[in-house]
1. Subtracting the Cα-Cα distance from 0.36 nm times the residue separation, let me have the gained length for SER12 to ALA52 in nm, one decimal.
2. Given Cα pairs under 8 Å that are at least 6 residues apart, what percent is the relative contact order of the chain?
3. Once you have the alpha carbon radius of gyration of region 3-72, what is it after dividing by 2.2 N^0.38 Å, with N set to its residue count?
4. Where in the chain are there chymotrypsin sites (Phe, Trp or Tyr not before Pro) that are in a DSSP coil and have at most 15 other Cβ atoms within 10 angstrom of their Cβ?
5. Which GluC sites (Glu not before Pro) in region 1-33 pass both tests, a DSSP loop state and at most 14 other beta-carbon atoms within 10 Å?
Amino acid sequence: MCLPECPNEAISVGDEIYVIDPNLCTECVGHYDTPTCQKVCPISKCIISDPAHMETEEQLWERFVLIHHAHELT
């Protein structure tokens, strides 16, 4: 359900659960106001932030630019 909704292709199928790649996830910054995976997930509070991997909105924007516009930066 969430896999096709991720604009960064950060979600993949794991052994037992879906896995979010933190190197590709921008929490939908640059695409939507809130993380789409949280909106469409049928399991309440399934997607939680990792306190060891907290990022500012500026860091998320930088990742968005690198993922979607890197070819324009060179």
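1. Answer, rounded to one decimal: 12.3 nm.
2. Taking the mean separation of contacting Cα pairs over the length of the chain, I get 28 percent.
3. For region 3-72, the normalised Cα radius of gyration comes out at 1.10.
4. Counting only loop positions with at most 15 other Cβ atoms within 10 Å, the chymotrypsin sites (Phe, Trp or Tyr not before Pro) in the chain are TYR32.
5. GLU9, GLU16
Quick note: the coordinates plus some simple rules give every number you see, no bench work behind them. Just so it is clear, the model here is predicted, and its values are computed rather than measured. Glycine gets a Cβ as well: all are built from the backbone with ideal geometry, and neighbour counts include every protein chain shown.
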